[in-house]
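Asker: I have a structure here, written as structure tokens, and I will follow up with some questions on it.
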Amino acid sequence: QVQLVESGGGLVQPGGSLRLSCAASGIRFSIYTMGWYRRTPGKQRDLVATLTSGANTNYADSVKGRFTISRDNAKNTVYLQMNSLKPEDTAVYYCKAQYFGSTVEYWGPGTQVTVSS
């Protein structure tokens, strides 16, 4: 059974930092493309960042230069380092795993990030 579990969300002041983690089980983690997405109330879930098994990254324009996605294949974990946080980064952040070329997606339950003074 595939399971993704996010952690590390919380309340942070503007300009602050958070690091999200997503621990995966039930998949051959190292060969999966891992991604972070976010959703605000009333909006669709948007791409934040992705990281392929070959270490290729892709970032939303709104987070470039502030967020960094990384992975530790030995720990089956993907991270999202978020710096210089802004109120508009407030959202529920979701982790996704998808094997290249497959339509099957695995999602975590999400973790809330709130940026507010």
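Asker: Percent antiparallel among DSSP beta bridges with both residues in the chain, to the nearest 5?
Answerer: On the way: 39 of 42 bridges.
Of those bridges, close to 95 percent are antiparallel.
Asker: Probe of 1.4 angstrom, ligands and nucleic acids ignored: what's the accessible area per residue over the chain, in square angstrom? Kindly include the intermediate steps, with their values, before the conclusion.
Answerer: Values: 6260 Å² over 117 residues.
Each residue of the chain exposes 54 Å² on average to a 1.4 Å probe.
Asker: Once you charge only the Cβ atoms, +1 for Lys and Arg and -1 for Asp and Glu, what is the size of the charge dipole of the chain about its Cα centre, to the nearest 20 debye?
Answerer: Values: 12 positive and 7 negative charges, 9 e Å.
Here the size comes out at about 40 debye.
Asker: Okay, moving on. At a 1.4 Å probe radius, carbon and sulfur cover how many percent of the accessible area of the range 1-86?
Answerer: Working: 1980 of 4590 Å².
The value for the range 1-86 is 43 percent carbon and sulfur by accessible area.
Asker: Using Cα-only point scatterers and the Debye equation, what is log10 of I(q)/I(0) for the range 48-93 at each q in 0.28 Å⁻¹, rounded to two decimals?
Answerer: Scattering profile of the range 48-93, log10 relative to I(0): -1.12.
Asker: Let me ask something else about it. Give me the extension gain from ARG39 to SER53: residue separation times 0.36 nm, minus the current Cα-Cα distance, reported in nm with one decimal.
Answerer: Details: separation 14, 0.36 × 14 = 5.04 nm, distance 2.47 nm.
Length gained between ARG39 and SER53: 2.6 nm.
Asker: How big is the shadow of the Cα convex hull of the chain, averaged over all directions, in nm²?
Answerer: On the way: hull surface 27.9 nm².
Taking the Cα atoms of the chain, their convex hull projects to 7.0 nm² on average.
Asker: For the chain, which span is the longest to avoid every loop-located (per DSSP) member of trypsin sites (Lys or Arg not before Pro) having at most 12 other Cβ atoms inside 10 Å? Present the calculation step by step, with values, prior to reporting the outcome.
Answerer: Details: sites that count: ARG28, LYS43, LYS64, LYS75.
The longest uninterrupted stretch comes out as 76-117.
Asker: Could you tell me the center-to-center distance, by alpha carbons, between the range 78-117 and the range 32-49 in angstrom?
Answerer: Taking the Cα centre of each part, the range 78-117 and the range 32-49 sit 6 Å apart.
Asker: Oh, and also: Kindly report, to the nearest 10 Å², the accessible surface of VAL115 as traced by a 1.4 Å probe over protein heavy atoms only.
Answerer: Its accessible surface works out to 10 Å², give or take rounding.
The values are calculated or read from the model by the stated rules, or taken from the named source; none is laboratory data. Note that the coordinates shown come from a computational prediction; the quantities given were computed from them, not determined experimentally. Cβ sites come from the backbone with ideal geometry, for glycine too, and all protein chains shown count toward neighbours. Surface accessibility is based on the protein's heavy atoms, side chains included, excluding ligands, DNA and RNA. Shrake-Rupley method; radii C 1.70, N 1.55, O 1.52, S 1.80 Å.
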